[in-house]
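A.B. asks: After the structure tokens below, expect a handful of questions from me.
Nothing in this text is a laboratory measurement; each read-out follows from the coordinates by a stated rule. Owing to the predicted nature of the structure, the values given are computational and were not obtained by experimental measurement. Quick reminder, even Gly has a Cβ in these numbers, built from the backbone with ideal geometry, and neighbours come from all protein chains shown.
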Amino acid sequence: MIEYDEREKRMVVKLVYYGPAQSGKTTNLLQLHERLPRQGRGDLMVLDTTDDRTIFFDLLPFFLTAPSGLKVKVKVYTVPGQVKHDATRKAVLQRADGVVFVADSQKREAANNLASFENLEENLALVGLDIDRLPLVVQFNKRDLADIVAEEAIRRTWGATRIPVLLASALQGQGVEETFERLLLSVYDSLDVRCRLGEAHGLTRDAFVAQLTAREGI
Amino acid sequence: MNDGSLNYIVGEERRLADLLGEKEMRPLLQGAVAAGAARAALLDDAGEVLWAEGAGGGCTAAMPLCLEGEPVGTLQVAGEEAARDRLAGTVRFLHAAVSALVTANLKRMLTVETHTSVVNLTYDELLETNRRLAASEREYRELAEQLELRVAERTEELRRAHARLLQQEKMASVGQLAAGIAHEVNNPLGFITSNLTTLGRYVSRLMEMLDWHGAAIAADPELSARAAVRGRELKLDLIRGDMGELLSQSLAGAERVKKIVADLRGFSHIDDPVEGLVELNGELERTLEVMARQIPPGTEVRRRFGTIPLVRGNAALLCQLFAGIVQNAIQARAEGLVLEIRTEETDGRVRVAIGDNGPGIPPDLRSRVFDPFFTTRSVGDGTGMGLTVAYDIVTAMGGAIEAGEAAGGGALITVALPPAE
């Protein structure tokens, strides 16, 4: 967590979209920005890119206020996927409260997915985060393309890990909100344990997710 | 991984004052005043004035300023009531400008900070990588150096072992030869000596009989005269005089052959146990005797034998050792050789020093003379084994051997051995 000040009633949460180069991390954020109502979120900030490839990161902030008056700001980041930007990935990954791993469904990207996931494991360990406890969601993106890994194969591979796996076509806007929501559910549980969101702040899991995705909830 | 290099965290919250500066804000607020506002100001989220230009104004137009979607301050433009519409337009214009400035500055700040942290982190990692590489290079270099050293050591050992083996084989064949010769020579020598002695006895009897015959025919002068003539023809007087000497010389020769064989046997120590108590003075004497015919005539051998304790070791090898050193001395100088052999006990060591008056060993070669196959002689003259074998024999006995300079500038080889307990 970036910040938690009980007296100031302020909490800043960090979520990170991780994954191999050009798997659609920024597209996920663009779609969230486009599809979620303006209320409850800020503008998408895209830092300098080269040839449409993220070299720093993107940021999309979300806000909610708990019944207790606790102001929660959720900052959603993407990391640069290219191998050479590993140092930036580490800096972005620092103190993350949840991670979406965006994998590229195309068969030829299998090796890159694996390398990037191993890199995630490595960097999580480096920045002192426990991959077994950190809220983590895997999104298999680009389901609209040809020559992709079969869903069955994905389920078979990831079934044993108990990491939630979602399918998406980010460019078409499919599966993007679902992925975000799925992560928020896990993040709420994790935050609830640490900061008693429900008990001390009257913030339920449903309200948390609904407010951040600006759906009718409370 | 250095923890310090990861202390930059993307996502830390910014305040408005961090993102805007006097130099940027002042002209914008002045612009608003120039556009007709009486006063233009930027307030932070607590309502405190951060920057303000101008004064007065009864009517106020304001717009909230957002950072990452959150309101972090307020832009206020005040003026006359009549200019309300213009004030609203001015504040919207000012808001657009400041918002763009805030966003641009935030991006620039994030970019610069990330870039700096990445550069630092990368640099730290490079330093660490460099350190590890240097360390591993050092390890490999040490390993390589040690390897060379080990190879050199092993090669040296092998050369020595090879030299020792050659010498032992040589010694074994010398010993076997000596034993064979002793056996073959001693038998005929036995009956030669015995027969010569018997022959001497027979000859004296014959002489006695000759004398008797001479006395018996003395009564007959004619016969006597004829016998005397015959005797002169046969040179009997000469024979009688020579006979004894002939026999005693032959016997002496046979005795000498017997002694040589015995010395050879002793020198090779074919009959001795491999290791035992050795009296060095005796072995030196024995060595000199065996080498007597190799030592050139006119050589002066100075024996400076002291009273020394016994040493424990292989007598045959020690004889071989001394013979090798003496051989070197003989080869160092053909005429007028002075060989000085000194034995003494000093500092709890039995020392044998063999010096000559040859050209000596140059100081830079003294450490190398014990190396296998090192020789100063032309190919074929020396094997380069003598001192190597000597070195091995002495070190195996727990002693030391060194090459130095004799009083007259010749070579001096000193062997120091521990006395037997």
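A.B. asks: Only helical DSSP H runs with n ≥ 4 go in: add -39500 (n - 2.57) per run for the protein assembly as shown, normalise by residue count and round the 222 nm mean residue ellipticity to 500 deg cm²/dmol.
C.D. replies: Estimated from H runs of four or more residues: -17000 deg cm²/dmol.
A.B. asks: Let me ask something else. Mind checking A:42-48 for the average number of partner chain beta-carbons within 10 Å of each residue's beta-carbon?
C.D. replies: Average per residue, whole number: 4.
A.B. asks: While we're on this one: With the dipole of chain B worked out from charges on the C-beta (+1 for Lys and Arg, -1 for Asp and Glu) around the Cα centre, which of B:GLN146, B:VAL311, B:THR395 lies farthest toward the positive end?
C.D. replies: So the residue we want is B:VAL311.
A.B. asks: Stretched out fully, how many nm does the piece from B:SER194 to B:VAL274 gain, at 0.36 nm a residue minus the Cα gap?
C.D. replies: Here the segment from B:SER194 to B:VAL274 would lengthen by 25.3 nm.
A.B. asks: Could you state, as a whole-number percent, how many of the C-alpha pairs of chain B are farther apart than 35 Å?
C.D. replies: In whole percent, the long-distance tail amounts to 65.
A.B. asks: Just the number, please: percent antiparallel of the DSSP beta bridges in the protein assembly as shown, rounded to the nearest 5.
C.D. replies: 70
A.B. asks: Now for a different question. On a full-extension model of 0.36 nm per residue, what is the gain between B:ARG303 and B:MET207, subtracting their alpha-carbon distance, rounded to one decimal in nm?
C.D. replies: 29.8 nm
A.B. asks: Can you tell me the order of A:35-47, B:134-146, A:133-145 when each peptide is scored by its average per-residue count of other Cβ atoms within 10 angstrom, highest first?
C.D. replies: A:133-145, A:35-47, B:134-146
A.B. asks: Now, a different point. Taking every residue in A:84-92, how many Cβ atoms of other protein chains lie within 10 Å of its Cβ, on average?
C.D. replies: Across the residues of A:84-92, the mean count of other-chain Cβ atoms within 10 Å is 6.
A.B. asks: Same structure again: With r as the distance between the Cβ atoms of A:MET1 and B:SER136 and R0 = 35 Å, compute the FRET efficiency 1/(1 + (r/R0)^6) and round to 0.05.
C.D. replies: 0.35
A.B. asks: With a Förster radius of 35 Å, plug the Cβ-Cβ distance of B:ARG256 and B:HIS162 into 1/(1 + (r/R0)^6) and report the FRET value to the nearest 0.05.
C.D. replies: Between B:ARG256 and B:HIS162 the formula returns 0.35.
A.B. asks: A further question on this structure: Sketch the reach of a paramagnetic label on B:LYS23 as a point 7 Å from Cα along Cα-to-Cβ, and name the residues of region B:34-62 whose backbone nitrogen lies under 16 Å away.
C.D. replies: No residues fall inside that zone.
A.B. asks: Quick test of the membrane-span-like rule: which DSSP H helices of chain B reach at least 24 Å along their long axis (C-alpha atoms) with mean Kyte hydropathy at least 0.0?
C.D. replies: B:236-268, B:315-332
A.B. asks: Three principal axis extents, largest first, for the C-alpha atoms of chain A, in Å?
C.D. replies: The principal-axis extents, from largest down, are 50, 36, 34 Å.
A.B. asks: Rounded to the nearest Å, what's the spacing between the alpha carbon centres of region A:58-92 and region A:147-218? Just the number, please.
C.D. replies: Going from one Cα centre to the other spans 15 Å.
A.B. asks: Can you give the FRET efficiency for B:HIS115 and B:ALA396, using 1/(1 + (r/R0)^6), R0 = 60 Å, r = Cβ-Cβ distance, to the nearest 0.05?
C.D. replies: The pair B:HIS115/B:ALA396 has a calculated efficiency of 0.25.
A.B. asks: Other chains' Cβ within 10 Å of B:10-18 residues: what's the mean?
C.D. replies: So the per-residue partner count for this stretch is 6.
A.B. asks: Here is a follow-up. What is the antiparallel percent of DSSP beta bridges lying wholly in region B:272-421, to the nearest 5?
C.D. replies: Close to 75 percent.
A.B. asks: OK, next. How big is the antiparallel share of DSSP beta bridges in region A:3-212, given as a percent to the nearest 5?
C.D. replies: Expressed as a percentage, antiparallel bridges in region A:3-212 total about 45.
A.B. asks: Using 0.36 nm times the number of residues separating B:ARG15 and B:ARG366, minus their current alpha carbon distance, what extension gain do you get?
C.D. replies: 118.0 nm
A.B. asks: Exactly which trypsin sites (Lys or Arg not before Pro) in region B:284-340 are in a DSSP loop and have at most 13 other Cβ atoms within 10 Å?
C.D. replies: Sparse-neighbourhood loop trypsin sites (Lys or Arg not before Pro): B:ARG293.
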